[in-house]
Amino acid sequence: MKRKIIPAGLIILCMFTVCKQEVKKRIKEGITTARTGLRVRQSPTIYSNVSPLYVLPYNTKINIIQYGHESTINGIKAKWLKISYKHITGWVY
């Protein structure tokens, strides 16, 4: 019986496609703790434009859908989170 060899790139592409589809799923829920509001950004960087529609108020329930890279901002080390709230999806720190 002949065995078929599948190129590694094809396997990685398939894995990426599956992972990309899984990103939309909620990892867990969270609650905002920033007393002055939490800015929702388009990408995980402080240089990203703040989404014009939202600054999430204190104590708002959000869905965390992806963990991003770790950054240090104003001496605080934490990961960026991709979140969804109602019809808004963006990044918070």
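Laboratory data are not the source of any read-out in this text; all were calculated from the coordinates shown. Small disclaimer: the values here were computed from a predicted structure and weren't measured. Please note: Cβ atoms are built from the backbone with ideal geometry, for glycine as well, and neighbour counts cover all protein chains shown.
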### Query
Can you give the net charge of the other residues whose Cβ lies under 11 Å from the Cβ of SER48, counting K and R as +1 and D and E as -1?
+2
### Task
Stick to Cα atoms and the Kirkwood definition of Rh, then tell me Rg/Rh for region 50-91.
0.98
